[in-house]
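S.K.: Take a look at the following structure, please.
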Amino acid sequence: MKAKTIFTAIFLICICAFAAFSFKDIIGNNLMVINKEETDNQAEENGQIIEDEEEKEENTEEIKEDKKEVIEYIELDPSEVYVPILMYHSIADLDPTNNLMVPTSQFEEQVKWLKENGFTSMLMGDVISSLKTGKVPKKPVAITFDDGYVDNYTNAYRILKKYDMKATFFIITDNTDKDPAYMSLNMLKEMKESGMAIESHTANHLELDKLSREDKVYSIRQAKDFLKNNLGIENKYLCYPVGKCDNETIEVAKELGIEGAVTTQNGFSNIKNGELQLKRVRISPIEIETFKGIFSEF
């Protein structure tokens, strides 16, 4: 009887042990299944995230493409190409009686109108290329500033960036970092990096037609050297001080590598005047309707 009881106990222990091991295997297998499902789900989620990110990147690229300006060009005989080069000096609200100082609100209104009416802003290199080849934007405009006043940075540059328009700034290089009324070197560097053009208004703003040949060379070369050494600019474009030049000035400019130069003669630029005697349109404080009239031919 005692042996039978012992045998029964051993039998029950074996059954319990077998059941425990079986349960452990079931739990383990279930955990493996659960873990596999979680891994698969995580992989699917990660894959979806990657797909979503890729889709976002594609959409971002599409948006960037949509924002790119589409420029409509026309092909003309070079002699028929006319480009309005606008001449500004100061953009500020300090002196309403100063004809060289355009109020900030007027300047923004003008730039906004140009942008909204499909005008393509051109740098001086673009202008010279169009005048020589005859390939020109359907609605061209070149915005230029003389002297390099600090408000060109604080006021004009801000507005130009806002409307994604470019401009050329002709600076008197000797004034840089010496006179607070003029733009600093850091300002010029920032503007250059953002796509604006920085060019020469000579080193000292002396009237070139009144200087000796030697002094002409000095005034133009010093500015070229400054732009090269401080901004990495190969200066090819010049604005004559007070818009004046003589034959000797033009000869010297060519010898020093100047490919285009602007005057203060009123009118649209055209190759017939020569690349080194380009006309411009002086902009003074004017109402927007008067400003629009400048572009009636376009």
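The values are calculated or read from the model by the stated rules, or taken from the named source; none is laboratory data. Model, not experiment: these values are computed from the prediction. Cβ coordinates were reconstructed from backbone atoms using ideal geometry, including for glycine residues, and neighbour counts include every protein chain displayed.
S.K.: If I filter region 243-252 for residues that are buried (at least 16 other Cβ atoms within 10 Å of the Cβ), part of a strand (DSSP E or B) and in contact (Cβ under 8 Å) with a residue 24 or more places away in the chain, do I get at least one hit?
M.R.: No, every residue in region 243-252 fails to be buried (at least 16 other Cβ atoms within 10 Å of the Cβ), part of a strand (DSSP E or B) and in contact (Cβ under 8 Å) with a residue 24 or more places away in the chain.
S.K.: Let me ask something additional. Residues of region 261-271 being in contact (Cβ under 8 Å) with a residue 24 or more places away in the chain and outside any strand (DSSP E or B), which ones?
M.R.: 268, 270, 271
S.K.: Kindly establish whether residue 292 is part of a helix (DSSP H, G or I) and either farther than 30 Å from residue 113 by Cβ or not polar (S, T, N, Q) (or both). Can you show your working first?
M.R.: Values: part of a helix (DSSP H, G or I): yes; either farther than 30 Å from residue 113 by Cβ or not polar (S, T, N, Q) (or both): yes.
It is true that residue 292 is part of a helix (DSSP H, G or I) and either farther than 30 Å from residue 113 by Cβ or not polar (S, T, N, Q) (or both).
S.K.: Identify, from the list 111, 102, 141, the residue that is of a type in the set (A, V, I, L, M), within 20 Å of the chain's Cα centre (by Cα) and farther than 12 Å from residue 83 by Cα. Break it down into steps so the answer makes sense when it comes.
M.R.: Working: 102 fails: within 20 Å of the chain's Cα centre (by Cα); 141 fails: farther than 12 Å from residue 83 by Cα.
Of 111, 102, 141, the one residue that is of a type in the set (A, V, I, L, M), within 20 Å of the chain's Cα centre (by Cα) and farther than 12 Å from residue 83 by Cα is 111.
S.K.: Regarding residue 178, is this residue without any contact (Cβ under 8 Å) to a residue 24 or more places away in the chain, basic (Lys, Arg) and farther than 27 Å from residue 116 by Cβ?
M.R.: Numbers: without any contact (Cβ under 8 Å) to a residue 24 or more places away in the chain: yes; basic (Lys, Arg): yes; farther than 27 Å from residue 116 by Cβ: yes.
Criteria met by residue 178.
S.K.: Are any of the residues in region 91-106 loosely packed, with under 14 Cβ neighbours inside 10 Å, at pLDDT below 95, out of contact with any Lys or Arg (no Cβ under 8 Å at 6 or more places or on another chain) and β-branched (Val, Ile, Thr)?
M.R.: Looking through region 91-106, at least one residue is loosely packed, with under 14 Cβ neighbours inside 10 Å, at pLDDT below 95, out of contact with any Lys or Arg (no Cβ under 8 Å at 6 or more places or on another chain) and β-branched (Val, Ile, Thr).
S.K.: Follow-up question, since we're still on this one. Taking the residues in region 134-158 that are farther than 26 Å from residue 273 by Cβ and without any contact (Cβ under 8 Å) to a residue 60 or more places away in the chain as candidates, determine which candidate is surrounded by the fewest Cβ atoms within 10 Å (Cβ to Cβ).
M.R.: Out of the qualifying residues, it is 158.
S.K.: I'd like to verify a number: residues in region 153-173 that are assigned to a helix (DSSP H, G or I) and either in contact with a Ser or Thr (Cβ under 6 Å, 6 or more places away or on another chain) or over 18 Å from residue 236 (Cα atoms) (or both), how many?
M.R.: Looking only at region 153-173, we keep the residues that are assigned to a helix (DSSP H, G or I), and these are 153-162, 173.
Pick out the ones that are also either in contact with a Ser or Thr (Cβ under 6 Å, 6 or more places away or on another chain) or over 18 Å from residue 236 (Cα atoms) (or both) and you get 153-162.
Summing the residues that are assigned to a helix (DSSP H, G or I) and either in contact with a Ser or Thr (Cβ under 6 Å, 6 or more places away or on another chain) or over 18 Å from residue 236 (Cα atoms) (or both) in region 153-173 gives 10.
S.K.: Pull out all pairs, ordered by first then second residue, where Cβ-Cβ is under 7 Å, the residues are six or more apart or on different chains, the first lies in region 199-215 and is touching a residue at least 60 places away in the same chain (Cβ under 8 Å), and the second is assigned to a loop (DSSP other than H, G, I, E, B).
M.R.: Matching pairs, first to second residue: 199/235.
S.K.: May I pose another question? With the requirement that a residue be in a helix (DSSP H, G or I), under 27 Å from the mean Cα position of the chain (by Cα) and buried (at least 20 other Cβ atoms within 10 Å of the Cβ), what does region 188-219 give you? Steps first, answer last, please.
M.R.: Just the residues of region 188-219 that are in a helix (DSSP H, G or I), to begin with: 188-193, 208-210, 213-219.
Filter once more, keeping what is under 27 Å from the mean Cα position of the chain (by Cα): 188-193.
Answer for region 188-219, where residues must be in a helix (DSSP H, G or I), under 27 Å from the mean Cα position of the chain (by Cα) and buried (at least 20 other Cβ atoms within 10 Å of the Cβ): 188, 191.
S.K.: For region 115-133, name all the residues that are without any contact (Cβ under 8 Å) to a residue 60 or more places away in the chain and either basic (Lys, Arg) or crowded, with 17+ Cβ neighbours inside 10 Å (or both).
M.R.: Across region 115-133, the qualifying residues are 115, 120, 121, 122, 126, 130.
S.K.: Return yes or no: is residue 77 at pLDDT 95 or above and within 23 Å of residue 287 (Cα to Cα)?
M.R.: On the way: at pLDDT 95 or above: yes; within 23 Å of residue 287 (Cα to Cα): no.
When the stated conditions are applied, residue 77 does not pass them.
S.K.: Still on this structure, I have one more. Would you be able to say whether some residue in region 103-116 is under 17 Å from residue 269 (Cβ atoms) and not basic (Lys, Arg)? Quick ask: steps written out before the conclusion?
M.R.: Looking only at region 103-116, we keep the residues that are under 17 Å from residue 269 (Cβ atoms), and these are 114.
Of the ones still in play, those that are also not basic (Lys, Arg) are 114.
Scanning region 103-116, I find at least one residue that is under 17 Å from residue 269 (Cβ atoms) and not basic (Lys, Arg), so the answer is yes.
S.K.: Here are 288, 258: which of them is surrounded by fewer than 17 Cβ atoms within 10 Å (Cβ to Cβ), in contact (Cβ under 8 Å) with a residue 24 or more places away in the chain, among the β-branched types (Val, Ile, Thr) and over 13 Å from residue 86 (Cα atoms)? Give the steps one after another, and end with the answer.
M.R.: Values: 258 fails: surrounded by fewer than 17 Cβ atoms within 10 Å (Cβ to Cβ).
Only one candidate passes the filter, namely 288.
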